1. Condition first: closer than 27 Å to Thr81 by Cα, of a type in the set (Gly, Ala, Ser) and in a strand (DSSP E or B). Can you find one or more residues in segment 166-176 that meet it?
2. Identify all residues within segment 129-154 that are open to solvent by 30 Å² or more (accessible area, probe 1.4 Å) and closer than 17 Å to Lys92 by Cα; write none if there are none.
3. If you take the residues in segment 155-184 that are in contact with a Phe, Trp or Tyr (Cβ under 9 Å, 6 or more places away or on another chain) and among the basic types (Lys, Arg), which one is surrounded by the most Cβ atoms within 10 Å (Cβ to Cβ)?
4. Applying the selection to segment 54-103, what residues are among the hydroxyl-bearing types (Ser, Thr, Tyr) and either loosely packed, with under 12 Cβ neighbours inside 10 Å or free of Cβ contacts under 8 Å to residues at least 24 places away in the same chain (or both)?
Amino acid sequence: MNIRKTFGLALTLMCALVMTSVFTACGGDDATSGTPGGDDNKPVAAVMDVTLTVGADMFKYLNLTVDYYDADGKVQSELMTASKWTKTVQAKLPATLGVRLKCSLKDGVDPASIDLFSTQHGITYGFYSIDASGKHSGVVTNASSGGTSIYGSQIPEWLQKDAGNLIKILYAYDTNGNPTKISW
């Protein structure tokens, strides 16, 4: 009987110790606990890193315009002056960030004179939010490429139907740095 009493007392003490450590572990989770860095981890900006590439035929025969959202939330347009275009934009939250490629036939180009035309293109991107220290969170990254070969006589139809959807990415970031993919 003495062993039962001792075992029961030991079990009671162990339970009390476990409960004390559980309550102690829960004690420091609120924002008012004085823990350093409270709001330092809160996202303050959204960032877009983008690189677009196009094949030789697209660069040679087409006007290539890149639309993107700048740091002030305004759409800017730039002509691609090389087969590779790179841009990094950082905007305060809430923010909208995105990029799209627009294509049109260059003046003086006769599509019928082109045997085969390659629509080769690619994109590498990263969209993410950052806190005051520059730490990334909510990273959305991807790399993709595509393309096909078409007859030169099919270029006008391709421009009308498909070219506007080659590269179109747009994200809206809320005040907490959470991205939602939206449409152009």
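The values are calculated or read from the model by the stated rules, or taken from the named source; none is laboratory data. Here the structure is a predicted model, which means the values were calculated and not measured. With ideal geometry, Cβ positions are generated from the backbone for all residues, glycine too; neighbour counts draw on all protein chains shown. Keep in mind that these areas ignore ligands, DNA and RNA; they rest on the heavy atoms of the full protein, side chains included. Shrake-Rupley method; radii C 1.70, N 1.55, O 1.52, S 1.80 Å.
1. Checking segment 166-176: not a single residue is closer than 27 Å to Thr81 by Cα, of a type in the set (Gly, Ala, Ser) and in a strand (DSSP E or B).
2. Within segment 129-154, Ala132, Ser133, Gly134, Lys135, His136, Ser137, Gly138, Val139 qualify.
3. Per the criteria, the residue is Lys168.
4. Answer for segment 54-103, where residues must be among the hydroxyl-bearing types (Ser, Thr, Tyr) and either loosely packed, with under 12 Cβ neighbours inside 10 Å or free of Cβ contacts under 8 Å to residues at least 24 places away in the same chain (or both): Ser77, Thr81, Thr86, Thr88.
So that you can scan it fast, the table gives a plain yes or no per residue for (1) assigned to a strand (DSSP E or B); (2) in contact with a Ser or Thr (Cβ under 7 Å, 6 or more places away or on another chain); (3) free of Cβ contacts under 8 Å to residues at least 60 places away in the same chain; (4) under 19 Å from Gly55 (Cβ atoms):
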position	(1), (2), (3), (4)
Tyr128	yes, yes, no, no
Gly134	no, no, yes, no
Asn142	yes, no, yes, no
Ile155	no, no, no, yes
